[in-house]
Structures are given as structure tokens and as C-alpha cells.
Amino acid sequence: MKLLKRKSDRIDELAAGAGEGGTSLAADALKRMARSPVAVVGAGVVALFVILSAIAPWIAPKDPFTRYPELRSELTPTNIPGPMPGFLLGSDQNGYDFFSRLLVASQQTLIVGVLATLLGLTVGMIIGGLAGALGGWVDSALMRLVDIMLSLPALLLAISIAALFREGSQWTVIIAVGTVSVPIFARLLRGAMLAQRESDHVLAATALGVRRRTVVFRHMLPNSLGPVIVQATLTLAAAIIEAASLSFLGLGDPSPRRAEWGLMLAQAQRHFEVKPELAFYPAAAIIIVALGFTLLGESMRESLDPKNRR
Amino acid sequence: MLRFIVRRLIQAIPTLFILSLLVFAWLRSLPGGPAAALLGERQTAESIARLNAAMGLDQPIYVQYIKFLGRIFTGDFGTSTVSGDPVMAEIRRSFPATIELGLCALILAVLFGIPFGYLAARRRGSFFDNATVISTLVGVAIPVFFLGFLLKYIFANQFRLLPPSGRYAVGAPDITGFATLDGLLTGDLAATSDALLHLVLPAAALATIPFAVIVRITRASVLDVMDEDFVRTAESKGLTTPVIRRRHVLRNALLPVATTIGLQTGLLLAGAVLTEKVFVWRGLGWLLATGIEQRDYPRLQALILLAAGVYVLVNLLVDISYAIIDPRVRVGR
């Protein structure tokens, strides 16, 4: 009787323990992130950036794509007008309103970063997913391909892809920067899927006679997404900087109809002596946003790490 | 050990083979076809036809590929459309400049990265630790070319402490192509110090990202090792703290750092393209950057192949050095 009592007690304890730890990993991670100042700052910066880029066209005080005669008239090789009434930060090197352009550029920067990341994510996940789910020679062949993509430094790979096009456009930048991140996502998802394949719940599902496709999509894929989301956040930061580097090398979109921080920064270098602000503000914007995504990604990684779970 | 090296060398062959296939495919998919791309601005219908025949572009594709391989092995990459010089001669001329810059940057990154990472780990959670970690994050978030411009603006234009660009002002007679070494060899110390001064800013700009990576790896690795059982054993044996730190913690923690340092080569190669453009540093990166503007495909093709080859080689060396340091790797597979 005493023994039985003790046993039931233990089950109660176990159940209580299960209830306590029964929150999902994602919910648990979110809770931990809310307590971490790093995560809050990162998420705040990212949220601010996304909101800003969404509303930028409406809050920009001037038309960012109009060259204003009052600015242009004072534009000389040694003088770029500073702040004046109606133009908060004065002119840029072409006679556009610098402040409005800076605001609107957030949109283009976000679009290029997000599309490039999505491209890398999608292609990488297809490759990594196929390799992880099928294994065997498909896995070997795909991973060989990925290794070769990794055998070139990221920026050089991006350069060689962007150089394939006679003229730069935002799409060549997106394709070049996106392709660079394909191998990272592929390796990551494959690794996670391989780990899943050996795990008990996949074994159980297979033993129950669940179809392979269902096992992959219902059981293996959702459980592998954590690290992929973390990597996507970090990749976005890298993508924004890489896009800026391509612009600096003359592989970006030269059209004045597009305002983008990387391009603004790259073009402002030539006027650094005359008006350094033209470089400082876009650079600061890029650094803050890249830092925001990095902080968010790193804190997500930390809070998703089972080692840090209570 | 020898067997391990031979095995790794054999493993590198398929990688290089597929890489050459990819570059070949890349060259074929250039706008207007390879002949038009290689001729650049100076193309006419006859010159394209002549080059097509000379390059064997009218022959079957596998014959073309074999000829392409043959040209790579003989170092014949054609002539640059920008300068009109053979690409191989350009590369040979610019190689020392990039090695000099890259090596300097790597030395800076290691010299500062390891102590900062180690101290940050030892004072985990302190102000110093937080400041170090944050500054490495910022270091990675700054576009390298902007950092270069900033350094140039502050130290060269505003305070006039350091030269803004180029490799030297006067320059010693060219012996090795390494500006610093040539000065020493000819006993011209003024030339050496001039070359060193020119190196400071570009090397600092190029070193930031490797520095940040080395700091983070060192810090994480030291933290890991400090938790190990053998450190506790050493403590309980009554060894003094300095001995434990030097012999047990630091030595073991530096293993992963050594690997990382080798892998920085990729970052340095990529960063060199941006840094050399900013500082008009006439090395391989500068060749590539100026080649891009003019779509100088012979140059691009040669430099991309070279970068990939160097990268594969360095990875190989890292693997081998790792096997020397850590015997477990050798017997592992």
C-alpha cells in the first residue's frame, strides 16, 4: 500500500512536471526572449524599420524622385546645399530632397533584403529538404553541389553572378545575393532533417504506417524550422550589407528612380569631401538595421537552444 | 598522417573538377557568348568569328571544355580588355600587394582578437565583456567599404596622420613585389616605413570582420573549456591559476580558433575587393573591382578561378593542420 502510494505520488509529480514543461518550445522561447533586453532591442529596431518602410511614401515631406530647381541651382562640384526651409537635410548630389529619399529608401532596402533572403530560403530548403528526406545518392549529389557553392567566398560568388548581366538592376542584385545564401539554408535544413530521421517520433510515425510524404511534411519539416528561421533573420542582415557592397562595386541598380541605402551610400562616396552626411546617414541606417536583425536572430538562436531551457 | 593527406587531396579533385565545369558554364552564359564577352568593346563581326575559330567555339562542347582546361593549366587566361595586358601578367604583378595586405590584416585580427576574446570570456558578464561582444556585432554590421572611407576621412583627410591611398609614395626598387620587404632588402628603411604607413588604414579596415569572428570564437571556446572536467581536476590538484589558464584552458581553447583563422581567408579575399577599391591598393581585389566596372571577363574569369582554387587549397591545409593538432581527426574516418 505504501509502495503503491509512493508510485501514484510519483506519477502525480511527473504529470505536474509535464504540465509545467508542457509549453511548446516556441512559446517557451518567446517567453525567454521577452525577458532578454537584447531580443527586445533587436525586435524593436526591426519592427520600427518595417513600419517605416511601409509608411515612408506617405510621411516623406517632398517627392523623392523630383529634382528641385531651388536645390539644383546651388549645386556645384564643391557645394551641395545643406538644410534649408522645406528641405530638412538639404540636397543630395543630384538635387533631390535628401531626407525624403532617405525615408523612401528604407522600402527598397527592405524589399531587396527580404526577396533575396526568400529566394535563398526557398531554393535552399528545397535542396536541403530533398537531400534530408531522400538521403542516398540524391543527398550526396546535392551536398556536393552545395559544397562547391561554399568553395567560393560569398561576396565573390555574388559578384560572379551579378556580372553575368550586362546591366545591373534590383533583380540582378536580388538573384546574386539570394543565391549566395542557398547553400547555408540547404545544409541547415538537411542537418536538421537528418537528426529528425533517427528520432523516436519519426520512427513511431513510420511504424504506424504513415506515408513518407506525411512524415516529412507533418513531422520532420515543422520540427526543423527553428534554426532555419534564425538563419533567415541573420541572412537578412547580411543580405542588406552584401547588396550595398554590390552597389559600391557598380553592380547595383543605377536608376535614379530607385532610392536604396546601399546605392545612396555607394554613390555618396564620391562627394565625401563636400558633404559627408550623404554617406553618414545611409550608412548609419544600414548599420542600425543590420544590427537589429542580427540581435534578433542571435537572441532567437539562444532562446531556441534546448540547453538554455529551464 | 600521409594517408590522411593523400585522401584529402583526392577528395579535393572532384570539387575542383566541378568548379572548372561551373566556370566554363559561366563563361558560356555570358551576354553575347564568350567571344563577344572576351573581346569587350573592341568587337566586330570578323573579330568574333576569328576568336570563335581560335578558341574552337565551332567545335563540340566537350572538345571546347578540354581546351579550356588546357588553357587553365598553361596559365593562359587571355588578355585584359581594360589594360590590354595578358591577365596572367597582371595577376603576377598584383599578387604580392594582396598577400601583403591580407597577411597584415590577418596578423592584426589575430593579435587583437585572441586577447580580447580570452579576456571577455574570463570576465563573463562584466562591462568589458558586454562592450567587446557589442563591438564585434557592430563591426560585422558596418559595410567594409564605408569603414574604409571613414578611416580615410578621419586619419588621412582630417588629421593628416596617414596616407590616404596607394601602396607607397616613393618606393624602393622592385625586387620581390612586396613593398615592405623590398625596402628592407635594399637597406632603404625610409621606404619600408613609408610602405608600412600606407598599410595601416587598409589593413585595419580589412581586419575588422575577421577580428570580430576571432573574438567571438575565442570567447565561446574559452567558456566551453572552462567548464570541462579536466580544468576542475587541475584545480583540485592544486595547480596555480596562471598555470591552469595557460596550460589547460588556453591551449585547448585555441584549437577551434586555429581552424577559424584558416577559414578567414575567404573573408579576406572578399573584403580585399572592397578595401582595395577604397584605398586604390593595386592588388588582386583592385584588379577585380576595376574589371567589374568594364565587364572585363577574361580578368573576372581568371580571378574567380584563382580565388576558388586558393580557397579550396586553404581549406585543405586547415584540415591537415587540424589533423596534426588533434589526432582524433586522423583516425576518425
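The values are calculated or read from the model by the stated rules, or taken from the named source; none is laboratory data. Note that this is a predicted model, so its numbers are computed, not measured. Methodologically, a virtual Cβ is constructed for each residue, glycine included, from the backbone with ideal geometry; neighbour enumeration extends over all protein chains shown.
Overview of values
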read-out: Criterion (farther than 20 Å from residue A:115 by Cα, of a type in the set (Gly, Ala, Ser) and part of a loop (DSSP other than H, G, I, E, B)) met by exactly one of A:191, A:209; value: A:209
read-out: Scope segment B:102-128; condition surrounded by 16 or more Cβ atoms within 10 Å (Cβ to Cβ) and without any contact (Cβ under 8 Å) to a residue 40 or more places away in the chain; matching residues; value: B:119
read-out: Residue within segment B:163-184 that is within 14 Å of chain A (Cβ to nearest Cβ), in a helix (DSSP H, G or I) and among the hydroxyl-bearing types (Ser, Thr, Tyr) present; value: no
read-out: Checklist (1) at pLDDT below 80; (2) more than 14 Å from chain B (Cβ to nearest Cβ); (3) buried (at least 18 other Cβ atoms within 10 Å of the Cβ) applied to residue A:151, failing item; value: (2)
read-out: Residue A:255, sole failed condition from (1) within 11 Å of another protein chain (Cβ to nearest Cβ); (2) surrounded by fewer than 17 Cβ atoms within 10 Å (Cβ to Cβ); (3) touching a helix residue (DSSP H, G or I) at 6+ places or on another chain (Cβ under 9 Å); value: (1)
read-out: Breaking point among (1) part of a helix (DSSP H, G or I); (2) surrounded by fewer than 19 Cβ atoms within 10 Å (Cβ to Cβ); (3) in contact with a Phe, Trp or Tyr (Cβ under 9 Å, 6 or more places away or on another chain); (4) within 13 Å of chain B (Cβ to nearest Cβ), for residue A:165; value: (1)
read-out: Among the candidates B:111, B:119, B:103, B:147, residue that is farther than 30 Å from residue B:303 by Cα, assigned to a helix (DSSP H, G or I) and modelled with pLDDT of 90 or more; value: B:119
read-out: Residue satisfying all of: in segment A:174-222; polar (S, T, N, Q) and at pLDDT below 90; farthest from the chain's Cα centre (by Cα) among these; value: A:206
read-out: Some residue of segment A:134-143 being hydroxyl-bearing (Ser, Thr, Tyr), buried (at least 22 other Cβ atoms within 10 Å of the Cβ) and part of a helix (DSSP H, G or I); value: no
read-out: Residues that are assigned to a loop (DSSP other than H, G, I, E, B) and under 29 Å from residue B:274 (Cβ atoms), drawn from segment B:50-75; value: B:75
read-out: Test: residue in segment A:222-239 that is among the hydroxyl-bearing types (Ser, Thr, Tyr) and under 30 Å from residue A:60 (Cα atoms); value: yes
read-out: Some residue of segment B:156-170 being within 30 Å of residue A:292 (Cβ to Cβ) and either within 19 Å of the chain's Cα centre (by Cα) or touching a residue at least 40 places away in the same chain (Cβ under 8 Å) (or both); value: no
read-out: Hits in segment B:16-48 - residues which are at pLDDT 70 or above, away from chain A (no Cβ under 12 Å) and over 20 Å from residue B:83 (Cβ atoms); value: B:24, B:44, B:45, B:46, B:48
read-out: Residue that is farthest from the other protein chains (Cβ to nearest Cβ), among those in segment B:260-280 that are more than 10 Å from the chain's Cα centre (by Cα) and in contact (Cβ under 8 Å) with a residue 60 or more places away in the chain; value: B:261
read-out: Checklist (1) at pLDDT 85 or above; (2) more than 9 Å from chain A (Cβ to nearest Cβ) applied to residue B:288, failing item; value: (2)
read-out: Positions within segment B:286-299 being without any contact (Cβ under 8 Å) to a residue 40 or more places away in the chain, farther than 12 Å from residue B:91 by Cβ and either touching a His at 6+ places or on another chain (Cβ under 7 Å) or of a type outside the set (Val, Ile, Thr) (or both), in sequence order; value: B:289, B:293
read-out: Complete set of residues in segment A:175-186 that are farther than 21 Å from residue B:309 by Cα and surrounded by fewer than 22 Cβ atoms within 10 Å (Cβ to Cβ); value: A:175
read-out: Condition broken by residue A:291, with the remaining ones in (1) more than 9 Å from every other protein chain (Cβ to nearest Cβ); (2) of a type outside the set (Val, Ile, Thr); (3) part of a helix (DSSP H, G or I) satisfied; value: (1)
